[in-house]
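Asks: There's a structure below that I have some questions on.
No lab work stands behind these numbers, since they all come straight from the coordinates. What you see is a predicted model, and the numbers here were worked out from it, not measured in a lab. For neighbour counting, all protein chains shown are included, and Cβ atoms are generated from backbone atoms with ideal geometry for every residue, glycine included.
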Amino acid sequence: MNEGRRNLAINRKARHIYHLLEKETAGIELLGTEVKAIRAGRINLKEAHVFFEGGEAFLVSCHIGHYENAGYAGHDPLRRRRLLLKKREIERFAAKVREKGLTVVPIAVFLEGNWIKIEIALARGKQLHDKRETLRQRTLDREAEQAIKERGQ
C-alpha cells in the first residue's frame, strides 16, 4: 500500500492525543504556490482538523508556508482547503463526527505519483491514563529491543 508513496509531513502528535479508529486517503484542492510549498516541506499539520459543511469536507488550521519564488501570486497560509472525497465517504465521516467525542484529523501528507494526497483518520480523544500507558509501552518496547541488540553482539 505504501509503494510509490513519499511522505511530505506526518502528524505524530495525533497518534499521541487520539485513538485512530478508521483511516482514509483523500485528495486536496490546492493552489499552485501551495503545491510548491508543500513539496518544499513547508507544511504543518499539528493543529489541523477536518470540518464538514454543506456536503463537503474541508481541512482547517493546516499551515502551508509561503513559497519564496511566488511573486505577487501568494496564498493565505491558513485558508481552509477542500478535501476531495466521494460523497458516501463524506456522509459516513460526517455522521460519525456528529457522535459524541469523535473528530477527523489529518495523519500524513504524501506524494502518490505526482498527486499530493492526505491521509485522514476518524479519531476519539485519549484520556490521560491512556497517554501514559502508550508512553510506558513505547519505553518497554525500546528497552526490549536494546536488550535483544546487546545480546546478539
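Asks: Which one, His63, His16, Ala94, projects farthest toward the positive side of the charge dipole computed for the range 5-126 from Cβ point charges (K/R +1, D/E -1)?
Replies: Selected residue: His16.
Asks: Here's another thing I want to ask about it. Pull up the cross-link candidates among the lysines for Lys86, meaning alpha carbon to alpha carbon under 19 Å and not fewer than 8 places away within one chain.
Replies: Lys23, Lys96, Lys117
Asks: Using the Karplus curve 6.51 cos²θ - 1.76 cosθ + 1.60 with θ = phi - 60°, work out ³J(HN,Hα) for each residue of the range 36-49 in order, rounded to whole Hz, and write x for Gly and Pro.
Replies: Result, ordered by residue: 4, 5, 5, 4, 7, x, 9, 10, 10, 9, 3, 9, 6, 8 Hz.
Asks: Once the piece of chain linking Arg15 and Ile148 is laid out straight, how much longer is it, given 0.36 nm per residue of separation minus the C-alpha distance between them? Let's see the in-between values first.
Replies: Values: separation 133, 0.36 × 133 = 47.88 nm, distance 2.64 nm.
Between Arg15 and Ile148, full extension yields 45.2 nm more.
Asks: A further question on this structure: Assigning unit charges at the beta carbon (Lys, Arg +1; Asp, Glu -1) and nothing else, what dipole magnitude in debye, to the nearest 20, does the chain show about its Cα centre? Please report the intermediate quantities before stating the final value.
Replies: Details: 31 positive and 21 negative charges, 57 e Å.
Using Cβ point charges on Lys, Arg, Asp and Glu, the chain gives about 280 debye.
Asks: Rounded, prolate or oblate: which fits the chain when a ≥ b ≥ c are the square roots of the eigenvalues of the alpha-carbon gyration tensor, with rounded for a/c under 1.5 and prolate only if a/b beats b/c?
Replies: On the way: a/c = 2.15, a/b = 1.37, b/c = 1.56.
Judged from the Cα gyration tensor, the chain comes out oblate (a/c at least 1.5, b/c at or above a/b).
Asks: Only Cα pairs under 8 Å and at least 6 apart count here; give the relative contact order of the chain as a rounded whole percent. Spell out each step's value before the answer.
Replies: Values: 255 pairs, mean separation 48.7, N = 153.
Result for the chain is 32 percent.
Asks: To make sure I understand the rule: partners must be aspartates and glutamates, Cα under 17 Å from the Cα of Lys46, and not fewer than 8 residues away in the same chain. Which ones qualify?
Replies: Glu119
Asks: Can you work out the Karplus-derived ³J(HN,Hα) for every residue in the range 129-141? Use 6.51 cos²θ - 1.76 cosθ + 1.60 with θ = phi - 60°, whole Hz, and x for glycine or proline.
Replies: For the range 129-141, the Karplus curve yields 5, 5, 5, 5, 5, 4, 5, 4, 5, 5, 5, 4, 4 Hz.
Asks: Kindly write out, for the range 21-26 in residue order, the coupling ³J(HN,Hα) from the Karplus curve 6.51 cos²θ - 1.76 cosθ + 1.60 (θ = phi - 60°), rounded to whole Hz, with x marking Gly and Pro.
Replies: So the Karplus estimates, Gly and Pro as x, are 9, 9, 10, 8, 9, 9 Hz.
Asks: Please identify, among Arg142, Arg132, Arg92, the residue showing maximal mean-square fluctuation in a Gaussian network model of the chain using a 10 angstrom Cα cutoff.
Replies: Arg142
Asks: For the chain, set up a Gaussian network in which alpha carbons nearer than 10 Å are linked by springs, and say which option among Leu140, Leu111, Leu85 fluctuates the most.
Replies: Between Leu140, Leu111, Leu85, it is Leu140 that shows the largest mean-square fluctuation.
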